[in-house]
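**Q** Got a structure for you, written out below as structure tokens; questions coming shortly.
The values are calculated or read from the model by the stated rules, or taken from the named source; none is laboratory data. Please read these numbers as outputs of a predicted model, since none were measured by experiment. Cβ: placed from backbone, ideal geometry, glycine included. Neighbour counts: every protein chain shown. Each accessible area value is taken on the protein alone, full model and side chains, heavy atoms only, with ligands, DNA and RNA left out. Shrake-Rupley method; radii C 1.70, N 1.55, O 1.52, S 1.80 Å.
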Amino acid sequence: MNFFQLEVFLHVVEHGSFTKAGDRIGLTQSGVSHNITALETELGVTLLKRDRKGITLTTAGEQVIPHMRAIAANLAHIEQKIAAVNGMEVGKITIGSFPSFTARFIPKLFSIFKEKYPTIDLLIHEGGYEEILTWIEEGTVDIGFAAKPVKNVEFIPLLHDPLSAVVYEGHPLSGKTSLNLEDFVDQPFIMLRSGCETLIEDRFLEAKIKPNISYDIKDNQTVLSMVAGKLGITIMPDLALPEKPERLKSLPLNPELSREIGLVMKSAKHLSPVAKEFTKVVQGHFIG
């Protein structure tokens with residue numbers, strides 16, 4: 001087994017396609033297939049299942065991929081250390097982020113970092129909190145952004161993002177300056193299931209109020225469209241709200257409810273040199 005075969009295998013798993021993996025690393029589809037076959041032959045096991053549904057890991061593949069990712073990460077660390085000694089910076093960072101954070105902050109953070117380290121590749125995987133934590137655990141991403149509560153990862157706090165009530169224009173509650181939880185009683189409620197629902201549910205539970213949940217929706221924009229369509233009201237993070245929402249009004253909650261957003265990683269000590277530099281840029285932007 002050589003490192004290039006391992007790299008080809010990891011790209012196929014990441015992209016779910018021989019063609020897409022080949023485009024990423026400059027190989028034809030047959031070249032990718034040849035490297036995978038050679039790797040499987042040398043190891044004596046089948047790593048990938050190929051059928052009409054696409055490409056998936058076999059049981060053996062699922063067992064070895066965490067170790068292969070660890071090998072790739074360690075080799076990347078060695079390359080970066082040698083490059084740093086020679087006065088150059090090379091490498092890549094893979095980052096996990098959730099949609100509202102991506103839209104508001106990632107372009108600025110990437111711009112700051114690329115100005116300082118133009119030769120470093122920045123890759124992003126976007127998903128929900130649970131997906132990001134899974135990617136951290138599996139080694140799919142080096143670092144990520146998520147909100148508390150988190151488990152089995154290191155967490156560096158960055159900012160508090162308030163949650164607000166969102167109602168449609170003309171709603172009986174739209175004339176208020178803020179909403180109490182009691183205001184939600186008997187109101188059709190649209191629950192945003194993108195990670196903050198635990199905070200919302202816990203707050204209702206503490207107040208001994210059971211919201212009248214009419215819909216469970218994962219996508220921020222879908223929730224906003226449903227509220228604008230007068231299908232219910234909701235609570236969602238301020239980061240997820242457009243700057244000038246049409247046919248909608250956001251109202252602060254009383255008492256305030258907010259989510260704590262931060263950097264997550266397996267271990268700050270074991271980050272690659274370039275990943276450590278990225279965390280410094282992030283902390284400098286939010287904390288100063």
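**Q** With Leu231, Leu205, Leu248 as the choices, which residue is surrounded by fewer than 14 Cβ atoms within 10 Å (Cβ to Cβ) and either among the charged types (D, E, K, R) or over 20 Å from Leu159 (Cβ atoms) (or both)? Please lay out each step first, then the result.
**A** Working: Leu231 fails: surrounded by fewer than 14 Cβ atoms within 10 Å (Cβ to Cβ); Leu248 fails: surrounded by fewer than 14 Cβ atoms within 10 Å (Cβ to Cβ).
Within the list Leu231, Leu205, Leu248, the selection yields Leu205.
**Q** Another question, then. Among the residues in region 183-199, are any without any contact (Cβ under 8 Å) to a residue 12 or more places away in the chain and either on the phi > 0 side of the Ramachandran plot or surrounded by fewer than 15 Cβ atoms within 10 Å (Cβ to Cβ) (or both)?
**A** Checked against the condition, which is being without any contact (Cβ under 8 Å) to a residue 12 or more places away in the chain and either on the phi > 0 side of the Ramachandran plot or surrounded by fewer than 15 Cβ atoms within 10 Å (Cβ to Cβ) (or both), region 183-199 yields no hits at all.
**Q** Do the conditions hold for Thr37, that is, is it at pLDDT 85 or above and either surrounded by 15 or more Cβ atoms within 10 Å (Cβ to Cβ) or not in a helix (DSSP H, G or I) (or both)? Talk me through it step by step, then tell me what you get.
**A** Details: at pLDDT 85 or above: yes; either surrounded by 15 or more Cβ atoms within 10 Å (Cβ to Cβ) or not in a helix (DSSP H, G or I) (or both): no.
No: the conditions fail for Thr37.
**Q** Can you tell me which residues in region 127-144 are assigned to a helix (DSSP H, G or I) and open to solvent by 40 Å² or more (accessible area, probe 1.4 Å)? Before the answer, list the steps.
**A** Here is the first cut: in region 127-144, the ones assigned to a helix (DSSP H, G or I) are 129-138.
Across region 127-144, the qualifying residues are Glu130, Glu131, Thr134, Trp135, Glu137, Glu138.
**Q** Considering every residue within region 110-126, establish whether at least one is under 30 Å from Ala70 (Cβ atoms) and open to solvent by less than 20 Å² (accessible area, probe 1.4 Å). First the steps, then the outcome.
**A** Looking only at region 110-126, we keep the residues that are under 30 Å from Ala70 (Cβ atoms), and these are 110, 112-114, 116-126.
Right, trim to open to solvent by less than 20 Å² (accessible area, probe 1.4 Å) and you get 113, 120.
Scanning region 110-126 turns up at least one residue that is under 30 Å from Ala70 (Cβ atoms) and open to solvent by less than 20 Å² (accessible area, probe 1.4 Å).
**Q** Those residues that are within 14 Å of Glu14 (Cα to Cα) and either assigned to a helix (DSSP H, G or I) or out of contact with any helix residue (DSSP H, G or I) (no Cβ under 9 Å at 6 or more places or on another chain) (or both), I need them from region 40-55; list them, please.
**A** Across region 40-55, the qualifying residue is only Gly54.
**Q** What pairs come up if the first residue lies in region 93-114 and is within 19 Å of Asp238 (Cβ to Cβ) and β-branched (Val, Ile, Thr), the second is in a strand (DSSP E or B) and open to solvent by 60 Å² or more (accessible area, probe 1.4 Å), and their beta carbons are under 6 Å apart, counting only those six or more places apart or on different chains?
**A** Thr102/Glu126
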